[in-house]
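The values are calculated or read from the model by the stated rules, or taken from the named source; none is laboratory data. Fair warning: this is a prediction, and the values are worked out from it, not measured in the lab. Virtual Cβ from ideal backbone geometry, glycine too; neighbours counted across all protein chains shown. Ligands, DNA and RNA are stripped out before the accessible areas are found, and what is left, the full protein with its side chains, is counted by its heavy atoms. Shrake-Rupley method; radii C 1.70, N 1.55, O 1.52, S 1.80 Å.
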Amino acid sequence: MSEQDKNFSGSIPDIYDDVLVPLIFQHYAQDMARRVASVMPESVLETAAGSGVVTRALAPLLPSVTRYVVTDLNPPMLSRAQRQQPDADRIEWAQADAMALPYGDDTFDVVCCQFGMMFLPDKTVGYREAFRVLRDHGRFIFNVWDRIEDNHFAHSVTATAARFFPDDPPVFLARTPHGFHDAEAICLGLRNAGFAHVDVNTVTAESRADNAYIPAFAYCQGTPLRNEIEERGAGLLDKITEAAAADIERVFGVGPISGKIQGHVFVASI
Ligand SMILES: C[S@@+](CC[C@H](N)C(=O)[O-])C[C@H]1O[C@@H](n2cnc3c(N)ncnc32)[C@H](O)[C@@H]1O
């Protein structure tokens, strides 16, 4: 994993939240919020919360007495989340690395993490940290994207970007968000970290947009793929975004389009 893969800053947080979140994250955030709320936890820690799509879905489902701590590695993502949150004061916001959580042992009933585990350089450390801060009978609820071939717009954008740099393709999307999807290996890692029981569900949905430029712009400019493109060719970002839109349009059509997205949801119990 490159150092730049976890760099969500500059223009990325706003484009991510305005364009990419409605495209691919919203559906999974509702699913995550329902799963967490159904446990009726007294305390919840959210890690890698990003621009807060899960926080916005989950906070209204939790009683006001429930302690809800929302964290992310990148302060610009967390500030975007905080600004968008209607009841921001009832939440504890903190910058935190999911591999070194600044909380004591046996503190939370649920740790939840939407599409963040893939960004940890050492997943085992991340599992152990979640296990450590959970109380007896606690649950670690998280999701990961499936392989890039099952996430159609991401796959198409990656192919377009590779055409521009055949000797050194920018493969952020395949390497990191879509690079950690072996459900069996993940279940084994969780059991080795101490979780007694792990449930996994594969959730498929449709990513919908009014036109092909929207997913092209979202992936090229609202994710760390932007950093990789800019490192390789200053001034090529808009050209590659337009080429990605043209390629999506060729396959998915003009006007309102939709493409498959797929992820795995894990519920690991102590
Ligand atoms: C794809 S985003 C997911 C954000 C949010 N959960 C969502 O569903 O939109 C990945 C997030 O992981 C965060 N991140 C990367 N490395 C991290 C780490 N070591 N600890 C905590 N968060 C991390 C990034 O800042 C980014 O906000």
- Of the numbered conditions (1) open to solvent by 60 Å² or more (accessible area, probe 1.4 Å); (2) in contact (Cβ under 8 Å) with a residue 40 or more places away in the chain, Glu230 fails exactly one; give the number of that condition. (2)
- Item | the range 120-135 - residue that is under 24 Å from Arg34 (Cβ atoms) and part of a helix (DSSP H, G or I) and, of those, most open to solvent (accessible area, probe 1.4 Å) | Phe131
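Go through the range 61-89 and report how many residues are more than 19 Å from Asp18 (Cα to Cα), part of a helix (DSSP H, G or I) and free of Cβ contacts under 8 Å to residues at least 24 places away in the same chain.
1
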- Message: Of all residues being within 26 Å of Val125 (Cα to Cα) and of a type in the set (Asp, Glu) in the range 54-110, which is farthest from the ligand (Cβ to nearest atom)? Just the residue, please.
- Response: Asp106
- Message: Consider the range 79-112. How many of its residues are within 21 Å of Asn7 (Cα to Cα), of a type in the set (Gly, Ala, Ser) and open to solvent by 30 Å² or more (accessible area, probe 1.4 Å)?
- Response: 2
- If only one of Leu58, Leu45 is in a helix (DSSP H, G or I) and farther than 17 Å from His264 by Cβ, which one is it? Leu58
- Task: Tell me which residues, restricted to the range 1-15, are open to solvent by 30 Å² or more (accessible area, probe 1.4 Å) and in contact with a Ser or Thr (Cβ under 7 Å, 6 or more places away or on another chain).
- Result: Met1
- Only residues that are more than 16 Å from Ala243 (Cα to Cα) and free of Cβ contacts under 8 Å to residues at least 40 places away in the same chain: list them for the range 148-165, please. Ile148, Glu149
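Can you tell me which residue is most open to solvent (accessible area, probe 1.4 Å) among those in the range 38-53 that are away from the ligand (no atom under 13 Å from the Cβ) and of a type outside the set (A, V, I, L, M, F, W, C)?
Glu42
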- Item | Elements of type helices (runs of 4 or more DSSP H) in the range 165-259, at least 1 residues being within 30 Å of Gly138 (Cβ to Cβ) and hydrophobic (A, V, I, L, M, F, W, C) | 183-192
- Restricting the first residue to the range 173-192 and requiring it to be under 22 Å from Thr160 (Cβ atoms) and hydrophobic (A, V, I, L, M, F, W, C), which pairs with a second residue that is more than 14 Å from the ligand (Cβ to nearest atom) and open to solvent by less than 10 Å² (accessible area, probe 1.4 Å) meet a Cβ separation below 8 Å and a spacing of at least six or different chains? Leu173/Val157
- Query: Residues in the range 20-37 that are touching a residue at least 60 places away in the same chain (Cβ under 8 Å) and open to solvent by 30 Å² or more (accessible area, probe 1.4 Å): how many?
  - Reply: 2
